[in-house]
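Notes to accompany the following structure.
The values are calculated or read from the model by the stated rules, or taken from the named source; none is laboratory data. Here the structure is a predicted model, which is why all the values come from computation and not from measurement. Here Cβ is always computed from backbone atoms with ideal geometry, including for glycine, and neighbour counts include all displayed protein chains. Side chains included, ligands, DNA and RNA excluded: accessible areas come from the protein's heavy atoms. Shrake-Rupley method; radii C 1.70, N 1.55, O 1.52, S 1.80 Å.
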Amino acid sequence: MLARRRTRVTLVSLVVGVLLGLLGSAAPAFAHTELVHWQFIGGTADKPQRLLLRFSEPIDARFLTVAVTDQGGNQIALGAVQIDPQRRTDGFVGISALSAGTYSVAWWTRALDGDPSNGSFLMGVGTKVDPIALLPPVGARDPATQPAMLLGGTAWDTFLHWLTYLAIALVIGSIGFFHLVWRPSLHRATASVADGPEGSASTEGLLSSRLVPTFRFIAVAGGLLFLFANVILLVMQVEFVRYALLQPVTSVAPTALAPSALSHAAPYKALVDIFHGYNGKVWIARMVLAAVTLVLCFRLSPSAKRPGWRWGVALVAALATLATVSLTAHAAVVPQSRFAVAIDWSHMVLMSLWLGGLLPLLLTVREVRRLGSAGDAAADALVPSVVRRFSTLALISVGYLAATGLTQAYFHVRNPSLLTPTTYGRALIVKLVLFAALFGFGALHRKVSIPRLLGAPNTRRSSLERILPMEMAVGASLLVAVALMASLGTSEAVWPAHQALGLYSKVSATTGTLTFRAVPGKAGENAIALDVADRRPGAATSIQRVTVELDGHTFELTHVGPAVPGSTQRFASTSLVNLAEGAKPAVYTVIRPAYPDLTGQVPIDVRPALSAEK
Ligand code: HEM
């Protein structure tokens, strides 16, 4: 019997060990990458001209695709696409075949957490690119506020991350509750009851036979949900790879890349590519560990007295499964990735023990109080121990989550001024507000609900039982904010790409929306434009004159496109404009026959001049 148990324990730890070894062997993960810089290199006899594309994070060599089209919209044959093995943020594209002219470059790449990023810009080869070409396309995506994936993809990604957090919290929360709250409280309560071992043993037996299967059920439900969420996550990644979409270069509708260029038409091909990569290996390890955890949870013994080894090993397997979530999180891309992954993992462990423990706590208090009100002394002694133990666990979690959360915020936001201008930062603010609410609930329990519960044990429904479902709802909402954060580029990562867009500022009125743009948006020479979305019927095609007044100078802007009725029209200065640093109004006038002039101002803030090296 002992020999058989030892083999089983060795076997499970061997599986966990091998899987962790597998994870250790793969290169660190990457999150949502953005283009932060491009330039021409080479162009000498021995070094053919190449285009350097530098991204905010290292990219996966097999998934960098570049399409170059000339002003006529013709796609240009390119040389090889390579990644610099020394600096995996840099991709090179052979462009020696390009004759002088202005081209639009569209890029598509995939992070190793499976999320694609794409974008486009205009470049001039052998000619001075006219200022207009420096401006980002009309409606260009701002990485700081618009996700790399299309809204549908981001919503799905967020939902699946949320399900994953919820599922892992249910598994670790219920098994953790069994180990850290239920068993110790039971032993303590039954030891302290006067009516001797028989009486308390029956209570213990009765309660365990009712509650322990419930904890097991929650763990199994969480395990199944986790497997389901991650299978769908993989299906989604396969679809991303198969149907990658390009950012619009000049037109409004995204243009799908020719399937041949991606050569991932068949789903199994995309799957093979994903499994060759880091993300694929992590996914396999995650699913194996989750399956091991689920099997163990199914077979958890219902006895609190002799729980057996499975409860312990199930917890280890669940914690190892959780590690695979951190290994594809943002934490795995920062330079201090090993430390950051450990912080992220422990952050989620405490989240799971706290939030995942709320449901077992509610069910336990309800069940024990029901027995208590039937006059069972052991049950009466149990309630205080259970709620006090959990309250201590919650307090430790709050402290640890705040400390590790701030550390993570340092890695992924770094500068608090990036909190409000980025969607990631705003999601973190929402999370902190919900965290404060959870903290409030905790304080309420310590100050009111628990003293009341202990003071009047036989009230029909305690305030603790009334508040816990609300607390769970707030906890689940907090996890939605986190899931959104996990599906976006972090503030730290997207900000350089946002800045590469230059300055843009929008004003909206009933008549339409006006967006002022300046590239690079810093003191000195800038390409400027006004994008006019005039919603007055028939107005779009009859604009006569557009001017912008800046720093006391009035600039005449020329219509540069697109001439599509109803779409946003771009008016740009044909020469570079010198802008002084600082906040100021850009005063615009849009004149068109038979319509009242559109006049107004757009507040802009020109940043200090750029340091040379960027
Ligand atoms: C001061 C409080 C906190 C701060 C500043 C904070 C901050 C963060 C940050 C920056 C991340 C990284 C997200 C990413 O991968 O991009 C994170 C992850 C996470 N946080 Fe917090 N957090 C705090 C408290 C909490 C609380 C109270 C909970 C839940 C009860 C929580 C649950 C999570 C979860 C589930 C993750 C996901 C990690 C992942 O996907 O790898 N955090 N937190």
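Could you order peptides 358-370, 393-405, 80-92 by the average number of other Cβ atoms within 10 Å of their residues, highest first?
Going from most to least packed, we get 358-370, 393-405, 80-92.
With θ taken as phi - 60° and the coefficients 6.51, -1.76 and 1.60, list the Karplus ³J(HN,Hα) couplings across region 315-324 in order, rounded to whole Hz; mark glycine and proline as x.
3J(HN,Hα) across region 315-324, in whole Hz: 5, 4, 4, 5, 5, 5, 4, 4, 4, 5.
Tell me the accessible surface of GLU525 in square angstrom (1.4 angstrom probe, heavy atoms of protein chains only), to the nearest ten.
About 120 Å², rounded to the nearest 10.
Per the Kirkwood treatment, what hydrodynamic radius in Å, one decimal, follows for region 503-613 from the mean inverse distance over all distinct Cα pairs?
14.2 Å
Quote the FRET efficiency, to the nearest 0.05, computed for ASP142 versus LYS47 with a Förster distance R0 of 60 Å and r equal to the Cβ-Cβ distance.
Efficiency, from the Cβ-Cβ distance: 0.95.
Once the mean 1/r over all distinct Cα pairs of region 391-532 is inverted, what Kirkwood radius in angstroms do you read off?
18.7 Å
Over region 503-613, what relative contact order in percent results from Cα pairs under 8 Å that are six or more residues apart?
28 percent
Going toward the positive end of the dipole of region 503-613, with +1 on Lys and Arg Cβ and -1 on Asp and Glu Cβ, which of ALA523, TYR588, ALA533 do you reach last?
ALA533
What is the extension gain from PHE40 to LEU395, computed as 0.36 nm multiplied by their sequence separation minus the C-alpha to C-alpha distance, in nm to one decimal?
122.2 nm
Stretch VAL433-ASP551 to full length: gain in nm at 0.36 nm per residue minus the Cα-Cα span?
38.4 nm
With a point put 7 Å past each Cα toward its Cβ, work out how far LYS447 is from ALA342 in nm, to one decimal.
3.8 nm
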